Amino acid sequence: MTAAPRGSGATSRILARLRPQRDRLPRDIKVMLAAAFLIALGFGLVAPVLPQFATTFGVGNTEASVIVAIFAFMRLVFAPAGGSLIGKVGERPVYVAGLLIVALSTAACAFAQDYWQLLLFRGLGGAGSVMFTVASMALVVRLAPPESRGRVSGAYASAFLVGNVCGPIVGGLLAGFGLRIPFLAYAAALIVAALVVQTQLSHQRRGPADTQGRAPDMNFGEALATGPYRAALASSFANGWGTFGVRMATVPLLAAAVFGAGPEAAGLALAVFAAGNAAALTFSGRLADSMGRKPLMIAGMLVAGTATAAIGFADQLGWFLAASAVAGVGSGLFGPAQQAAVADIIGNGRSGGKVLAVFQMASDVGAIVGPVAAGLLADRLGYGWAFGVTGGVMVVAACVWLGTRETLRPVQA
């Protein structure tokens, strides 16, 4: 009998891990994906019209920008409270309550009679937003099978991406009937999402009798003592700075200043970023479950950081769009791995509301600090410095991951 070549068994195991997984996602995860799509679709409805709606109250561009910023600021302020609520009443009640708060505040925006009412109502929406954001992350952590966390995180990000792409298109059409209509449509989408989660999600938080044999909830100090969580905070901050902050606030300004292009070029840059992101999400979650979280985090942050820095030095529109697309690919590479790594740290057997709240806060802080820092650098030193520093922040985050351990535990045969 001829012996099999040495190493063939290891090769087979590697190929088996890289082969696409055909097992179906749990039903509760599919419910979460449907809710994520509805939420992102609704947010996309109001995003194109919100600044323009604010100017109808006789304010300038600065005041209109504050309407956008107040949402992120309130998310940051209320994140710790959202994490604490999850520990007290459970993920689903906080998720549904957050959705309903944003629905009511958004509907109120449609009936605002002056700028200050709009500011108040939009700020209340930020408080509700962080509630359902942290609760949804906690639910995904609890519901996703350990061997499929990357795939689930990728599918969740894809649902948001599709909603974000479709939302502005529908919102632009609805705006033709009046700038207040998209707000009412967003409120309706959130109510439907809340009904879906409340009625279709079978997962229930364990009652007092069921909590005796399970591990206590993870607190922030316990998570912070682990290297992977500290690395996740660094990458979350860098992602907020570059992807959610500078990309939305500074890319349109660069398109106008450097290329003399209007909003169309900025919109095209955001579109090709989304296309690159979508392309990477088709396989990055599966790779995170087979190769590990750490390789995807390092590769994705390096690609996104380098491409983001290149945006600031692009002297032709074609290179500008190409760099934006590559940055989207980088973001799609590390996104699922990052969330899966945090889920690995917490585990399925316990809740980590406060841990997830701080993780989300790191991103929100980056989204606030990043555009301000990039704006100051662009005014004083030029856009090359603004995007170069932004890319450098992402590269530093990748280096933090270099020094930490892998969180994916091999599945026992």
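By the rule of a C-alpha distance below 22 Å, with chain neighbours fewer than 8 residues away ignored, the lysines paired with residue 88 are 354. Heavy-atom accessible surface of segment 49-141, averaged per residue, reaches 38 Å², computed with a 1.4 Å probe. Amide H to amide H, with H built 1.01 Å from N, residue 226 comes under 5 Å of no residue 5 or more places away or on another chain. Across the accessible surface of the chain, with the other protein chains kept in place and a 1.4 Å probe, carbon and sulfur atoms take up 68 percent. Taking the square roots of 5 times each eigenvalue of the Cα gyration tensor of segment 96-158, largest first, gives ellipsoid semi-axes of 33, 10, 8 Å. Protein-only accessible surface at a 1.4 angstrom probe places the residues 73, 177, 237 in the order 177, 73, 237, largest first.
Look at the alpha carbon pairs under 8 Å that are at least 6 residues apart: their mean separation over the length of the chain gives a relative contact order of 24 percent. With the convex hull of its Cα atoms as the shape, segment 124-175 has an orientation-averaged projected area of 4.5 nm². Give, as a single signed number, the net charge of other residues whose beta carbon lies under 13 Å from the beta carbon of residue 154, with Lys and Arg counted +1 and Asp and Glu -1. So the surrounding residues net to +3. Accessible area per residue for segment 261-413, computed on protein heavy atoms with a 1.4 Å probe, is 39 Å².
With all pairs of separate Cα atoms included, the chain yields a Kirkwood hydrodynamic radius of 22.0 Å.
With the alpha-carbon atoms of segment 57-130 aligned to their principal axes, the span from lowest to highest coordinate is 44, 21, 11 Å, starting with the largest.
The values are calculated or read from the model by the stated rules, or taken from the named source; none is laboratory data. Here the structure is a predicted model, which is why all the values come from computation and not from measurement. Every residue, glycine as well, gets a Cβ built from its backbone with ideal geometry; the counts of neighbours run over all protein chains shown. Keep in mind that these areas ignore ligands, DNA and RNA; they rest on the heavy atoms of the full protein, side chains included. Shrake-Rupley method; radii C 1.70, N 1.55, O 1.52, S 1.80 Å.
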